[in-house]
Structure formats: C-alpha cells, structure tokens
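Values in this text are rule-based calculations from the coordinates and carry no lab data. Values in this document were obtained by computation on a predicted structure and should not be read as measured data. Methodologically, a virtual Cβ is constructed for each residue, glycine included, from the backbone with ideal geometry; neighbour enumeration extends over all protein chains shown.
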C-alpha cells in the first residue's frame, strides 16, 4: 500500500502561492510604471490570464479526471508555469507582454484548481480541519515572499546601482519573474511526493462531464461565481496602482498584504469549522459581502482612515469566495469529476469573470481615475450578496450513476 505523505500537498501550496506572492501584488505596477502601458493595456494584459484559462482550466481538469493522474499532472503544470513566469522578463511592449502572459496562462491558470482538486482528495478522510490546514500553508508562503521581496529588491537595486526614472519607483522590479518561476517550478517537483492511488486516482468515463451540465445547483454556482469575480477580481489586480495613486510605495503594498494575509491564515485554517456551521453557501455570501464593503470604502472614501483596516477583509473574501466555491463544488459533483468540476468553476469564475473584470476595471481606471473601479465593484458585490438567497440554492450532489 502506498504510504501517505501528508506534508507534500502543504508544500505544493507553500511554493506555488509563495511564487504568486512575488508576482501578483506587483505585476500590474510593473506593466504600468516599468513598461509604461496605459490603463486599458494593463487591463488587457491581465485579462490574458483568465482568457487562456477559459480553455486551459477545463482541459487540464478533463485530462486529470480521465487519466486519474491528478498528482503527476501537477508536476507538468508547475514546471510549465514556472517557465512561463520566468519568460515574462523577456517582454517589452503591450503586444509581447500580452503574448507571454497568454503562454504563461496555459499552465498557471490550471495550477490552483488542480492543486485544489488534489488537496480535497488526499485530505478527504483526515478530519474536518485537514483541508484548511493544508491550504493555509499556501497563504503562509504568500506572506513570506510578499514580506521578503521589497527589502530583497532594495538590496538588488543597491548592488546593481539601479536608479528610479520618471514615473518608475522600482527599476529592478523584473527580477520578480525568475524568482517566481523558481518557486512555482519547485512546487511541481514536490508534487512527485503526492499519493498516486486511492481517491486521488479515481477515473471518469468518456463524456461523463456532461452530467454536470444538467445539475441545477452546480450551474447556478457557476453563474454566481462569474458575477462575484466580475465584481471583485479586477480591482484586486489593480490594487498596487491604487496604492501608488494615493501616495503609497511598493513597501506600502507589501505592508497592506501582510495585514490581509495575517487575517486570512486563521480563517482558512478554520474553514472546516466554518463549513460545518454555515455551509459552503454561507461562506460564499460572507465572502462577497466582505469584498463589497472593502471595495466600496476604497472607492468612495479613498482618503479615509478606514481604507487600511478594510484590507483585513481580504482574508474574509478568500475564505468565503476562493475557498467556499470549491467546497460547494466538492459537495455537488461526483468524486470522479472532481478535477473537471473545479476546472470549470475556475473557467467561469476566475477566467471569464476575471477577464471581464480586468478589462472593465482597466477601462474605468483610464477614463475615470484610480478610485472608479473600486466604487463600481463595491456596489456590484454588495448587490450580489443581497441576491444570494435567490441565486444560489443549498448544495446537493449530482447523481453518481455512469452515463
């Protein structure tokens, strides 16, 4: 019998999200300042990630479910994403960055939903808190890198003698790309230690995925996820530009992320208890409303002292939406369609909703200023939270019979 390695999936999360801690908080700032792209161009480059994810996420999910090789696929996804992140350092100009970001997205967009599916499989029989504790190591990795990167960047710039130019606050910011690539590639290698049998290796039959298309609760979750990411995703990607517009620096962005993540860690670790108390549907409602309040304050009261403490709500959004939606899927889809269910959720929510959100937020930034995306997002998310009882039923599992 294969010996379980409970630490391995935690390390996959640690290194994969640790890489994102170098990339996600600062990528839009790099595009805006270092490459000089317009707000609309920044929005379109960021939209390339979810645009390619529309194809990549369900495709990788289907491969995983049909082959049962969910753990092994994480190796190739991690290595491909690592190469994609490192390759961004070669780009200059809007067209090239859009192309390189699209190539990256073929792998990176599948990394989180694939890891989520494997985590749900390997922690299924280890108690109610095992999933949350494993996923928490991802947030810890993100926290470590987002804290360490600004002083590391200062050190690199001092060694290189790099000086800031007009409108460029961090001239050596491109160093984040190879560093991100290394960490994400390590996460792929760690996946070699994951179990390859049991629940993680259950296979689906050909055409089995069609069963999801006739299951009402799952379809309505997809609609809700699309609307939630439409409201919340774009402003998150533009957050460093918002901070800079109000006098902050890359160190300010880092400090705000520390606040976000320190709240996120215990909330994710205790997500099993929250699921028992209020259910996946309740988590989704809390997450969307928290995101609405956060962005509404940023948009309508940008100079208020409330803006900084409002960033603590990021942890509530992650525990509610980013964790609640996959848990809803886990309670809704057959086990053998676990990866497909998570992949399609990511396709509709993170990719389709995120793409529309990035493009519209970039347009609002360019035409109405840095506060506009947050005001619109806040109103939209609060409205969606109010409509949750109508839009989303309690989760119920689709029939498990084979087609």
Folded to 0 to 90 degrees: helix 39-67 orientation relative to the chain principal axis, Cα: 20 degrees
Two-site FRET efficiency, residue 196 against residue 223, from Cβ-Cβ distance with R₀ of 25 Å, rounded to 0.05: 0.10
Extension gain, residue 126 back to residue 277 (0.36 nm per residue minus Cα-Cα distance, nm): 52.5 nm
Prolate/oblate/rounded call for the range 12-138, Cα gyration tensor, a/c under 1.5 rounded: prolate
Whole-Å distance, taken between Cα centres, linking the range 299-322 and the range 85-143: 23 Å
222 nm mean residue ellipticity, helices alone, for the chain (DSSP H n ≥ 4; -39,500 (n - 2.57); rounded to 500): -23500 deg cm²/dmol
Between the range 9-23 and the range 245-259, the Cα center-to-center distance that results, in Å: 21 Å
Over the chain, relative contact order from alpha-carbon pairs under 8 Å, at least 6 apart, %: 29 percent
Centroid-to-centroid separation of the range 217-240 and the range 346-378 [C-alpha atoms, Å]: 10 Å
Pairwise label distance in nanometres, residue 390 with residue 251, each label 7 Å out on the Cα-Cβ vector: 4.9 nm
Point-to-point label distance, residue 367-residue 335, nm (Cα→Cβ direction, 7 Å offset): 5.1 nm
Linear extension gain, residue 89 paired with residue 159, 0.36 nm per residue minus alpha-carbon span: 23.3 nm
Cα gyration tensor, the range 249-374 - rounded (a/c under 1.5), prolate or oblate: oblate
Förster radius 22 Å - calculated FRET efficiency between residue 383 and residue 305 (Cβ-Cβ, nearest 0.05): 0.25
Cα-based helix-to-principal-axis angle, 176-190 vs the chain, degrees rounded to 10: 20 degrees
Area projected by the alpha carbon convex hull of the range 39-81, averaged over all directions, nm²: 3.3 nm²
